[in-house]
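**Student:** Please read through the structure below; I'll follow up with questions.
Read the figures in this text as sums done on the coordinates, not as results from a lab. Source: prediction; values computed, not measured. Neighbour counts run over all protein chains shown; Cβ positions are idealised from the backbone, glycine included.
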């Protein structure tokens, strides 16, 4: 009973959470709670891998919840993949927090919620009826909300918490309505019943948009991403890693489960909508990220970008499936799910690195860091690997999954519809643009934080992070390398999922011979072997190094930086996050964010300082949230009048309402 | 068997050996067109040897990344150049990589070089890294669009297959291929930092991009960077010649004599490419850095147009 094992782990995690309420102030609580969380996640991970390899779906009904329904749980291939993602991320976060958690000022505000959050995410993935799903979903939202507002009581965190809880409620409401439509007039809530029922096309369309809003707001698609860059950085770093690396993936799971599995056939136009939303999200996400100088917020915006890439893959899969091109749909869905896995690896890794930097220096602002390569060399190496992986550079894993997404996009000439034929190349170009922008952004993030000279005294006092955190970071960096060099192994594991969702799978890859290339489509000649490329790079580097050692003058001398003869006296003259991004801001953000630069030069002879001002406008806030917020405020103010009426007027209102309702009842057909 | 193995070893060595010569030819032709005598075409070799003999000066706060980057940059560029068929279609690594992988490898090299530019913490390094990445963000989507249009014509993104398809007699005059050719030339000019995007022969000028990034390098490290830069130029010239002018490249299973002819033809193509590049550079002025996105945008539009034409009609 695989699902039983996972549920036992969930129960154990909830038990740990209750235990933490009692134990959280003890000196050993940190190690005990995080250690236990990591162990139970690892056990659940083993169960999930067994389910993925075993293949057979496993179900269980517990007599909990609503008395006449019970709670249904089920693990199939799709759930198993996402359980792997959740528990791998959970275990890594637990190990990282073994050391990192000691920096926590108020552990009693974090420790009880951490295992509960992990348990909630597991429950969402194994839920097999709408009631269990929504309950777990809300449990996940609330525990993560508690973790977001746990950290401190600054106004910024409270604002993040408020926006998060509003957006989370909106998302749950959308999902609730979507399940209402799926359940139909008879109101059966088990997923198996919804699958069998098959809604009509109009219902499908409405439900699909509701799911896009509900799951999309949790995943962070534009313009519903607004809470994400506020809430993710506000939490402690191990929780930021979980929220960005794992919880957004649970939202992707919700989308895939409902749209691919429960909704049945979907019109190709809806696939087009998803591709378009994904492409816009990817591009704007990375552009937002480039404008940031807070390291954790930059990473949070990159989550928005990667969710966009995943949704482009899912949209392509929907469009291919709607046209009966199952092989291409399988490729697109494999690419998207492989990217889900890869992103959970490198995003957790990067947040761990940012957390280590924050713990060592007390700074998240990149413009006050610099030169950490010398004081925190191991954190720097792992962050560099994560940065290269997220920038889609070969031979790491980010490149492998983006390469697969491009291969899926290259199959667009087989679409019968003109709209898709034209949209797909355009979205592929946008994906290439966002990959290039991501590379620029991570040159900035790594370069300004870890390279150069120290911009504040805190950097010189920084010490390398503890062994447990280092272990977690090196393990994830190693996983990024392995997934990049042996992508065929992972796409093979995703085969049953593709089979389940699209009724086809990409060709099984020969993994016995590690140098054999990844072949996404049987007929095509396109192939990529991460193993060969990594091998060639290593051999070429070795040959070059050997040749240089043989023929060149090996002497090195240390001296002052040359800098064309104008060495900078102060570390503050170095390029900062803002100055690095300035050319890109000028080229791209002038339109997207209405970025403007103003220089005030005082008149000659005037001793006033010159001023430079750069302004940005966030389109999501300007065009959506601020007007909606104003409208809600206006409505609340208008209704406020009803609070201060005399008793006569209240009685009048009651009477009029009664008359109105009776009239309606009388006229109702 | 041994002959194939020998050819597979010759290819990467040939690429690395010819690269400085190509740079030398470009410089010589430019000089002659400007009515200067110019340095000998083997001057780049002499420069590299001279640099290799000198000691390397590292800034006080340069980290290991700074000294490791030249090795990685040359290795990545070299691997990418080896993946491009030069004188024979079978590179031995054909199934391991397609055109996107080559672009990815060059992006890796650029990523490392931009980080090295930021490592010492000087303003010149910063400006170079920042602008290099800005140009890359415009050039990469354009490159992908062009690859897309090629894939639409040839049905694959593997380079040798594209070349074999272009060589085949069934292919008539294709407008989409011509547009893609112009686009590729623009990308090649931008990626290699040639005029009008960047000027490889300037120092101490605010418009410089690549040179600003590698300003702190000296000795053997600078030699490696220079060699990598030449190799990248050779890569782009080979790429354009094998995709658009694949005639004379030795097919799979040719004998040694055929391969000898193919090598000579390849070198001749490189000479022609170098001369055309020099001529192009002389007829145009350096652009302001913020005009560059518009210049590369032309390549993106050409790629889109080529893809569109191809979608509209099978024969265009």
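**Student:** Hey, how many Å between the Cα centroid of segment A:490-514 and the Cα centroid of segment A:57-76?
**Tutor:** 29 Å
**Student:** What full-extension length gain, to one decimal in nm, is calculated for residue A:159 and residue A:599 as 0.36 nm per residue of separation minus the Cα-Cα distance?
**Tutor:** Length difference between fully extended and current span is 155.2 nm.
**Student:** Based on the inverse mean of 1/r over its pairs of different Cα atoms, what is the Kirkwood hydrodynamic radius of segment A:297-443, in Å?
**Tutor:** Taking the inverse mean of 1/r over all distinct Cα pairs, segment A:297-443 comes out at 16.3 Å.
**Student:** For segment B:90-160, what are Rg and Dmax over the alpha carbons, in angstrom?
**Tutor:** Radius of gyration, then largest Cα-Cα span, for segment B:90-160: 15.6, 47 Å.
**Student:** Starting at 0 and stepping by 10 Å, how many percent of the alpha carbon pairs of segment A:573-615 end up in each bin?
**Tutor:** 25, 42, 26, 8
**Student:** Using DSSP, restrict attention to beta bridges with both residues in the protein assembly as shown and report what percent are antiparallel, rounded to the nearest 5.
**Tutor:** Approximately 75 percent, going by the DSSP bridge assignments.
**Student:** Let me ask something else. Dividing the alpha-carbon radius of gyration of segment A:1-118 by 2.2 N^0.38 Å (N being the number of residues), what value is obtained?
**Tutor:** Its radius of gyration relative to the 2.2 N^0.38 Å reference: 1.15.
**Student:** Let me ask something else about it. If I take all pairs of Cα atoms in segment A:390-503, what percentage of them are more than 25 Å from each other?
**Tutor:** Tail fraction, whole percent: 47.
**Student:** Turning to a different aspect of this structure: Quick one: A:17, A:240, A:192, A:154, fewest Cβ neighbours within 10 Å first, how do they rank?
**Tutor:** A:154, A:192, A:17, A:240
**Student:** Per residue of B:104-117, count partner chain C-beta atoms within 10 Å of its C-beta, then hand back the mean as an integer.
**Tutor:** For peptide B:104-117, the averaged partner shielding equals 6.
**Student:** Average projected area of the Cα convex hull of segment A:550-649, in nm²?
**Tutor:** 17.1 nm²
**Student:** How much mean residue ellipticity at 222 nm does the protein assembly as shown get from its helices, if each DSSP H run of length 4 or more adds -39500 (n - 2.57) and you divide by all residues, to the nearest 500 deg cm²/dmol?
**Tutor:** -22500 deg cm²/dmol
**Student:** Calculate the FRET efficiency for residue A:566 and residue B:55 from the Cβ-Cβ distance with a Förster distance of 22 Å, rounded to the nearest 0.05.
**Tutor:** In this case the efficiency is close to 0.40.
**Student:** Separate question: Sort out for me the Cα centre separation of segment A:409-473 from segment A:391-408, rounded to whole Å.
**Tutor:** That distance is 12 Å.
**Student:** In segment A:84-137, if every C-alpha pair distance is counted and binned at 10 Å from zero, what percent goes to each bin?
**Tutor:** Histogramming segment A:84-137 at 10 Å steps yields 23, 43, 26, 8, 0 percent.
**Student:** What is segment A:623-667 by shape, rounded, prolate or oblate, if you read a ≥ b ≥ c off the alpha carbon gyration tensor as root eigenvalues and call it rounded for a/c under 1.5, prolate for a/b larger than b/c, and oblate otherwise?
**Tutor:** Verdict is oblate for segment A:623-667.
**Student:** Peptides B:38-47, A:131-140, A:314-323: what's the order by average Cβ count within 10 Å, highest mean first?
**Tutor:** A:314-323, A:131-140, B:38-47
**Student:** For the protein assembly as shown, what is the convex hull volume of its Cα atoms per residue in Å³?
**Tutor:** Dividing the Cα hull volume of the protein assembly as shown by its residue count gives 206 Å³.
**Student:** Follow-up question, since we're still on this one. Please report Rg (one decimal) and Dmax (integer) in Å for the Cα set of segment B:156-282.
**Tutor:** Over segment B:156-282's Cα set, Rg and Dmax evaluate to 17.4, 52 Å.
**Student:** First check a/c for segment B:259-316, with a ≥ b ≥ c the square roots of the eigenvalues of its C-alpha gyration tensor; if it is under 1.5, answer rounded, and if not, answer prolate when a/b is larger than b/c or oblate otherwise.
**Tutor:** It comes out oblate by the Cα gyration axes.
**Student:** Put a dot 7 Å past each Cα toward the Cβ at residue A:62 and residue A:482; how far apart are the dots in nm?
**Tutor:** Each label point lies 7 Å from its Cα, and together they span 3.0 nm.
**Student:** While we're looking at this one, here's another question. Normalising by the residue count of segment A:1-265, find the relative contact order in percent from Cα pairs under 8 Å and 6+ residues apart.
**Tutor:** 20 percent
**Student:** Across peptide B:287-300, what mean number of C-beta atoms from other chains lies inside 10 Å of a residue's C-beta?
**Tutor:** Mean shielding count: 1.
**Student:** Between residue B:33 and residue A:177, what FRET efficiency follows from the Cβ-Cβ distance if R0 is 51 Å, with the result rounded to 0.05?
**Tutor:** Efficiency, rounded to the nearest 0.05: 0.10.
**Student:** Take the alpha carbon atoms of segment A:462-535, find their radius of gyration, then divide it by 2.2 N^0.38 Å using N residues; give the quotient.
**Tutor:** Taking the Cα Rg and dividing by 2.2 N^0.38 Å, one obtains 1.46.
**Student:** Does segment A:339-399 come out rounded, prolate or oblate by the C-alpha gyration tensor, with a ≥ b ≥ c the root eigenvalues, rounded set by a/c under 1.5 and, if not, prolate when a/b is larger than b/c and oblate if not?
**Tutor:** Prolate is the answer for segment A:339-399, as a/c is 1.5 or above and a/b outweighs b/c.
**Student:** Given 20 Å bins starting at zero, what is the percent of C-alpha pairs of chain B in each, up to the one with the largest pair distance?
**Tutor:** Computed distribution, short to long bins: 32, 59, 9, 0.
**Student:** Considering only C-alpha atoms, what is the centroid distance from segment A:215-236 to segment B:209-230, in Å?
**Tutor:** Result: 42 Å between the Cα centres.
**Student:** Determine the shielding of peptide A:571-579 by partner chains: average, over its residues, the number of Cβ atoms on other chains within 10 angstrom of each Cβ.
**Tutor:** 3
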